[in-house]
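Q: Have a look at this one.
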Amino acid sequence: MTDSTTPVWLVVGLGNPGPSYAGHRHNVGYLVVDELASRMGSPFRAHKSGRAEVVEGRMGAPGTEAPRVVLMKARCYMNELGGPVKQLAGFYKVPPERVVAIHDELDLPFDTMRVKIGGGDNGHNGLRSMRSSLATGDFHRVRVGIGRPPGRQDVADFVLSNYSSAEKKILPFQVDTAADAVESLVLEGLERTQQKFNS
């Protein structure tokens, strides 16, 4: 990324690294940044900080003044996410209002989503860690609904479990929609994105 005049967005997929976590509800943020990386035509590569994998590129139609975007997956567990996010935000000179966190949301039913800026962390360790390291909660969130655990299942067990077979059939569409919402947020702004995606 040589053009330093265009502002950069940092899009953070929240999840835990490693194959044992890959299919968990808590890792839906990873799935969405994977989809965005595939649309941008670039694989994730290790960042020289050693604490994250990134894709650097532009989002939008080729030949247009497309915004510069860094997609990020941290190489640490969710509760330590804030450190690498702060490091990359500093490296790419991204202020909190151009940081987008894509995360699982218990308070939204599966197959729904909401986009917002700011707010609490609602017990989400990744959001709490980001808020602590960035010293503000005023970053964008793409909240991907996973619903509440059935019966008396513990919340921690639920988020660290795989999607049901019925959900797995719908999940690719949900991931696709969340990726569309991130593109809309970067290209068209929060208000237009909320009108389109906050069902």
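Q: Within the chain, what percent of beta bridges assigned by DSSP are antiparallel, to the nearest 5?
A: Among the beta bridges of the chain, antiparallel pairing accounts for roughly 50 percent.
Q: Then there's this: Percent relative contact order of the chain, based on C-alpha pairs within less than 8 angstrom and at least six residues apart?
A: Result for the chain is 26 percent.
Q: While we're here: Multiply the residue gap between S42 and D154 by 0.36 nm, knock off their C-alpha separation, and tell me the result in nm, one decimal place.
A: Value of the extension gain: 36.6 nm.
Q: Oh, and also: What trypsin sites (Lys or Arg not before Pro) in segment 1-78 are in a loop by DSSP, with at most 11 other Cβ atoms within 10 Å of the Cβ?
A: K48
Q: Residue by residue through segment 51-68, which ³J(HN,Hα) values in whole Hz follow from phi under the Karplus form 6.51 cos²θ - 1.76 cosθ + 1.60 (θ = phi - 60°), with glycine and proline marked x?
A: 10, 7, 10, 9, 10, 10, x, 10, 10, x, 5, x, x, 8, 6, 6, x, 7
Q: Here is a further query. Note down the net charge around Y30, summing +1 for each Lys or Arg and -1 for each Asp or Glu among other residues with Cβ under 13 Å from its Cβ.
A: -1
Q: Using the Cα centre as the reference, give the magnitude of the dipole from point charges on the C-beta atoms of the chain (Lys, Arg: +1; Asp, Glu: -1; all else neutral), rounded to the nearest 20 debye.
A: For the chain, the charge dipole is close to 320 debye.
Q: State, as an integer percentage, the relative contact order of segment 19-97 based on alpha-carbon contacts under 8 Å between residues 6 or more apart.
A: Computed over segment 19-97, the figure is 21 percent.
Q: If you don't mind, another one. Counting only the heavy atoms of the protein chains, how much of S165 is accessible to a 1.4 Å probe, in Å² to the nearest 10?
A: For S165, the solvent-accessible surface is approximately 90 Å².
Q: Can you check what the net charge comes to around N198, using other residues whose Cβ is under 15 Å from the Cβ of N198 (Lys, Arg +1; Asp, Glu -1)?
A: Once positives and negatives cancel, what remains is 0.
Q: Another question, if that's okay. Pairs of alpha-carbon atoms within less than 8 angstrom and 6+ residues apart define the contacts here; what relative contact order does segment 75-174 have, in percent?
A: Relative contact order for segment 75-174 comes out at 36 percent.
Q: Per-residue HN-Hα couplings for segment 113-126, Karplus 6.51 cos²θ - 1.76 cosθ + 1.60 at θ = phi - 60°, whole Hz, x for Gly and Pro?
A: With the stated coefficients, segment 113-126 comes to 7, 9, 10, 8, 10, x, x, x, 9, 6, x, 7, 4, x Hz.
Q: Rounded to the nearest 500 deg cm²/dmol, what is the calculated helix-only ellipticity per residue at 222 nm for the chain, with -39500 (n - 2.57) per DSSP H run of length n ≥ 4?
A: -11000 deg cm²/dmol
Q: Take the Cα atoms of the chain, find their three principal axes, and give me the spread along each one in whole Å, biggest first.
A: Largest first, the chain extends 52, 33, 30 Å along its Cα principal axes.
Q: Let me ask something additional. Which value does Rg/Rh take for segment 5-122 over its C-alpha atoms, Rh per Kirkwood?
A: Here the Rg-to-Rh quotient is 0.95.
Q: Quantify, in whole percent, the carbon and sulfur part of the accessible surface of the chain (1.4 Å probe; protein heavy atoms only).
A: 50
Q: Also, quick follow-up: Per residue, how much accessible area does the chain show when a 1.4 Å probe rolls over the protein heavy atoms, in square angstrom?
A: Roughly 47 Å² per residue, with all protein chains present.
Q: Could I ask something else about it? For segment 132-144, take each phi angle, set θ = phi - 60°, evaluate the Karplus expression 6.51 cos²θ - 1.76 cosθ + 1.60, and give the result in whole Hz per residue in order, putting x for glycine and proline.
A: For segment 132-144, the Karplus curve yields 5, 6, 7, 6, 6, x, 7, 10, 6, 10, 9, 9, 9 Hz.
The values are calculated or read from the model by the stated rules, or taken from the named source; none is laboratory data. Just so you know, these numbers come straight off a predicted model, no measurement behind them. Positions of Cβ are generated from backbone atoms using ideal geometry, with glycine treated the same way; all protein chains shown enter the neighbour counts. To get the accessible areas, we keep the full protein, side chains included, count just its heavy atoms, and leave off ligands, DNA and RNA. Shrake-Rupley method; radii C 1.70, N 1.55, O 1.52, S 1.80 Å.
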